[in-house]
Amino acid sequence: MDVFSHWLWGMALTRGKVSWKVSGPMGVLPDLMAFIPSSIYGLIYGIERVEVDTAITSDLPVAWSIYQWTHSLTIVLILFLTAWYVLKSKEHENPKYMAWMFVLPWFFHILMDIPGHTIDFFPTPFLHPFSDFMFDGVRWSTWWFFWPQVIILGSVWWYILKKEKNQSIEEIAETAALA
């Protein structure tokens, strides 16, 4: 999936529970952590940029090495347990729930990538390092995969914003009634 959708999904899933400054980046970190170092490596060593539409995973070995970890549910579990431990030690009122909210955008990123990547180009190794099993999906840019996802994402955001607007109107009415 494209980074903008990952960002917006992360924000939508945690709206009102986690700051967008955390949830947006958490939704794109699995890709950024793999592809930014790979791009820097390519620039330093003068490696010619690959054409994404025709590339295969082996064209980006640095990215693939990192991608296997950033797209693994093992990392999500480690992040969750770490966040839970930190929040619990700081005596947060609901550490398990907030730890889940923290990792939810990353988790959802992986779930969306499983059907949105082919075996030839960055299949999602969600069971790494315990299994090499990967699902052969379709490229996320395929129109019949991409556009329904964008429409659903737009609908979710329309609902969220409409609900928030209605809540604001109700709060203003309640405040006016009390005055």
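The values are calculated or read from the model by the stated rules, or taken from the named source; none is laboratory data. Nothing here was measured: the structure is a model prediction, and the numbers come from that model. Here the Cβ is made from the backbone with ideal geometry for all residues, glycine too, and neighbour counts use every protein chain on show. We work out accessible area using only protein heavy atoms, side chains counted, and drop any ligands, DNA or RNA first. Shrake-Rupley method; radii C 1.70, N 1.55, O 1.52, S 1.80 Å.
See the values below:
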quantity: On Cα atoms only, tilt of 3-13 relative to the major axis of the chain in degrees; calculated: 30 degrees
quantity: Using alpha-carbon coordinates, inclination of helix 61-70 to the longest axis of the chain, degrees; calculated: 40 degrees
quantity: Dipole of the chain [Lys/Arg +1, Asp/Glu -1 at C-beta], most positive-end residue of V156, F102, M134; calculated: F102
quantity: Packing-based order for 7-13, 119-125, using average beta carbon neighbours within 10 Å, highest first; calculated: 7-13, 119-125
quantity: Gain in span if fully extended, S89 to K165, counting 0.36 nm per residue against the direct Cα distance; calculated: 23.7 nm
quantity: Most mobile of G24, G154, G116 in a GNM of the chain (Cα contacts under 10 Å); calculated: G154
quantity: Of L43, L127, L29, the one that fluctuates the most in a GNM where the chain has Cα springs shorter than 10 Å; calculated: L43
quantity: For R15, net neighbour charge (Lys/Arg +1, Asp/Glu -1) across residues whose Cβ lies under 14 Å away; calculated: +4
quantity: Value of relative contact order over the chain, rounded to a whole percent, pairs C-alpha under 8 Å and six or more apart; calculated: 24 percent
quantity: Solvent-accessible area per residue, Å², over the range 56-179 with all protein chains present [probe radius 1.4 Å]; calculated: 64 Å²
quantity: 0 to 90° range, to nearest 10: angle between helix 73-89 axis and the chain longest Cα axis; calculated: 40 degrees
quantity: Positive minus negative residues near S5 (Lys, Arg vs Asp, Glu; Cβ under 15 Å); calculated: -2
quantity: Carbon and sulfur %, accessible surface of the chain computed with the full protein complex present, 1.4 Å; calculated: 68 percent
quantity: Farthest positive-ward along the range 1-96 dipole, Cα basis, beta-carbon charges - from S38, M1, W20; calculated: W20
